[in-house]
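Notes for the one structure printed next.
The values are calculated or read from the model by the stated rules, or taken from the named source; none is laboratory data. Values in this document were obtained by computation on a predicted structure and should not be read as measured data. No Cβ is skipped: glycine too gets one built from the backbone with ideal geometry, and neighbour counts run over all protein chains shown. Heavy atoms of the whole protein, side chains included, go into the accessibility calculation; ligands, DNA and RNA do not. Shrake-Rupley method; radii C 1.70, N 1.55, O 1.52, S 1.80 Å.
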Amino acid sequence: MYLCRMQNYLDGLNEAQRTAVLHKDGPIMIIAGAGSGKTKVLTTRIAHLMSKHGIDPFRILALTFTNKAAAEMKERIEKTLGNTEARNLYIGTFHSVFARILRSEAPKLGYTSNFTIYDTDDSRSVVKTVVKEMNLDEKQYKPNVVFNRISSAKNALVGPEEYRTDSMLQQEDARANRPQTGAIYDAYAKRCFKNGAMDFDDLLFKMYSLLTQFPEALSKYQHKFQYILIDEYQDTNPAQYEIIKLLGAMHENVCVVGDDAQSIYSFRGATIENILQFSKDYEDVVMVKLEQNYRSTKNILHIANEVISNNKGQIQKKLFTDNDEGEKIKLVRTFTDNDEGKMVADSIQELKLRNHFFNPDFAILYRTNAQSRSFEEALRKTGITYRIYGGISFYQRKEVKDFIAYLRIVINPQDEEALKRIINYPARGIGKTSIEKLVLYANERNTSFWNILTNASMFGIKSATLEAIDGFVTMIKMFQSELHKKNAYDLAVLVGKSTQIVKELFNDKTVEGLARYENVQELLNSIKEFTETPSNLEDGEVGDKSLAAYLQQIVLLTDADDDKTNADAVKLMTIHAAKGLEFPVVFVGGLEETLFPNAMAVHTREELEEERRLFYVAITRAKKHLYLSYANARYRFGQLQQNDPSRFLEEIPDEFVDKSNAGGNARNNGGHTQMQGNAFQRMHRGFGNGYAQETPKSKPAYTSPARPKVVEHTPNADFVPSDTQHLAVGQKVEHQKFGFGKVMKMEGAAHNPIATIQFEENGEKKIMLNYARLRILEN
DNA sequence: GATTATATGGTTTTT
DNA sequence: CCATATAATC
């Protein structure tokens, strides 16, 4: 019987797949073309290792690109084996698996196990604060640009010290007019550490530090992970490569699965070098190519092969399929982006009626998130239910992030980003100036913002503000004392009540207010669901029903994890988000120059080839029908912009295309081989240089209409505001900002007097005496 | 200090 | 066009 089941799972495999599954020990690289059954191979291989070879699931590490892929694999293995052993596998994304390990090893790195994980918004915000504190120009050191640079460095395993001493990197920064980038990097890293926080890249960078600086940790995990499997290998970066190399060095049972033709994440530091390097780093690598496609029609596969053949750099392979010829690809030209949306909506309607397709059979794919708008509108008008993946995720909504910020502080009060976010939300009278002052004190004393808050009375804060701060601190401390008595959900409810956030949102009866209220309720529901779903944990890990575990989980969620696969809706997403998915009917929109290939990515062959791989990924998502569309003109920044059809359209042979709606012609050492070389070389091994491409700025030719500008006034050094209770018409005064002037008129109620003052430099202003700081000069 | 009005500038792609 | 940053007003 046992054998019988085993036979079953091996039966459905073709020869190449079978080879990949049966290979037991030693390194193996599987080049898996689109739709070639790669997930099937991975899951069967793991099932086989467990059932045939008796490998302990606790000792198998499988790294996937999304959490959803991990969950799916687990499920499929359980089904194959007919038991629940698969739940013991160490399986997840690089980031979530390493976060889990880092939690239990945190003290080694000087962190506590409840460290916060910063998302990109948090990280950018830290960069911004640091830039400000260093008195650098924010225009010159744009948080986004600087952060991307830091991120690239980390992904190449270049730390702050190395960064600052690498002359090539220094030169590059100097040329980009950002010579202080290294100093910012250093300050940024220190600040994150002080805040008890790691950013996304740290989860890789610090994992590497852990393994290289602590031999006992390296040995522990090398022993533990007897078998290692990596999915989507073409999208790994140098940091991930090195970590795997270290972890796999003992058993060398490393199995990587990837497709160089689908490498689309170079902007995140991924490099196909990792595929090429793999067979050099290990001896006797078994190579398997999966070339039979089970997904698409012959027509679809043909054009995919044609398109990708325009790329120079790639591993030779030829995908084929036994599937039907299928219909021709439809190429559709429309006048505007709105028409494109309408065309897609109409086509969906028709396919549903004539060919009996249902909403979940359709996917609309595009290059940039902004393109979703015209599709949404058309679908809404046509009455087709749809769902958008990506864009601003649920957990990035302001009200949700605010609420989460409270939870973050309860877990880790050193988290300055979270503190700044909600110290005055809901408004409790702790203003910007007070906060800035206190942060400054914290920096001067080299302590945390929270420590300053708990001793705020020592810093000459005025009594009303001090009271507010004390109230806030007391409340947070109360939450912290409840942390161990309550589960995550009950604590979250307590936070919602005590802060009055829920009540405030409930009382906001505007449409947006209602949506915000619902979002917070949904957050609470998600926490509840989390506390009620059982899961596994082992050897001294953070209890994974904890609030900390919840926070870790949500910050590492990917767009693709947002499941609802079964939802009765048409799906809209970027091509990046569609990786690994398949749909009976696929629409790819916006096939226009400047959009796809994107204008930001046509400057080098490497960039252009990645755009083409992206197009390849889009095409190969389709099983039965494929629609490619482009608009003559589309709204961009509120203005209609003309575009040529994408150059990629010319690469599709006519014989496979139905152009009846295309409007005529389409165109007008330790074996660290990888890490050899200096920091500069490593950061440039992938594509790009870590700087986002900057388009030359074209300034509008018009001059903005004149606006009464305030002539800045610098008050005398001895400026002390006077008591203005008895201010009278005719008196001369000095205003902190508007300068010298004469009181022309007094009005307003006794408790809120308003003076009309004629300023020498800035004309007549109405000033509320309750707030203004005025010095009376003479009568 | 908080709320509201105006101005600027931004679009790749994401863990 | 939209979201966020800054300035004006209360």
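Does the range A:129-153 hold any residues that are within 21 Å of the chain's Cα centre (by Cα) and open to solvent by 10 Å² or more (accessible area, probe 1.4 Å), and which are they?
Matches in the range A:129-153: A:THR129, A:LYS142, A:PRO143, A:ASN144, A:VAL145, A:PHE147, A:ASN148, A:SER151, A:SER152.
Report the residue count in the range A:502-527 for those that are open to solvent by less than 40 Å² (accessible area, probe 1.4 Å) and either over 25 Å from A:ASN114 (Cα atoms) or in contact with a Lys or Arg (Cβ under 8 Å, 6 or more places away or on another chain) (or both).
4
How many of the residues making up the range A:365-387 are within 14 Å of DNA strand B (Cβ to nearest atom) and outside any helix (DSSP H, G or I)?
4
If you take the residues of the range A:30-60 that are open to solvent by 10 Å² or more (accessible area, probe 1.4 Å) and among the aliphatic types (A, V, I, L, M), which of them is nearest to A:LYS289 (Cα to Cα)?
My answer is A:MET50.
Out of the residues in the range A:185-219 that are hydroxyl-bearing (Ser, Thr, Tyr) and closer than 27 Å to A:ASP173 by Cα, state the one that is surrounded by the most Cβ atoms within 10 Å (Cβ to Cβ).
A:TYR185
Out of A:THR334, A:THR382, A:THR321, which single residue is modelled with pLDDT of 95 or more, more than 16 Å from DNA strand C (Cβ to nearest atom), more than 17 Å from A:MET573 (Cβ to Cβ) and among the polar types (S, T, N, Q)?
Exactly one residue qualifies, and that residue is A:THR321.
Yes or no: A:ARG634 in contact with a Leu (Cβ under 8 Å, 6 or more places away or on another chain), within 16 Å of DNA strand C (Cβ to nearest atom) and of a type in the set (Lys, Arg)?
Yes.
Residues that are part of a loop (DSSP other than H, G, I, E, B), modelled with pLDDT under 95 and open to solvent by 60 Å² or more (accessible area, probe 1.4 Å): does the range A:349-357 have at least one?
Yes, the range A:349-357 contains at least one residue that is part of a loop (DSSP other than H, G, I, E, B), modelled with pLDDT under 95 and open to solvent by 60 Å² or more (accessible area, probe 1.4 Å).
Identify the residue in the range A:429-440 that is assigned to a helix (DSSP H, G or I) and open to solvent by less than 50 Å² (accessible area, probe 1.4 Å) and, among all such residues, is nearest to DNA strand B (Cβ to nearest atom).
Here the answer is A:SER434.
Being under 28 Å from A:LEU42 (Cα atoms) and open to solvent by 50 Å² or more (accessible area, probe 1.4 Å), is that true of even one residue in the range A:332-346?
Within the range A:332-346, not a single residue is under 28 Å from A:LEU42 (Cα atoms) and open to solvent by 50 Å² or more (accessible area, probe 1.4 Å).
In this structure, is A:ARG103 farther than 13 Å from A:THR39 by Cβ, crowded, with 20+ Cβ neighbours inside 10 Å and of a type in the set (Lys, Arg)?
Considered against the rule, which asks whether it is farther than 13 Å from A:THR39 by Cβ, crowded, with 20+ Cβ neighbours inside 10 Å and of a type in the set (Lys, Arg), A:ARG103 comes out as yes.
Identify all residues within the range A:392-426 that are among the polar types (S, T, N, Q) and not in a helix (DSSP H, G or I); write none if there are none.
A:SER393, A:ASN412, A:GLN414, A:ASN424
Of a type in the set (Phe, Trp, Tyr) and more than 27 Å from A:ILE411 (Cβ to Cβ): does that describe A:TYR141?
Answer is yes for this residue.
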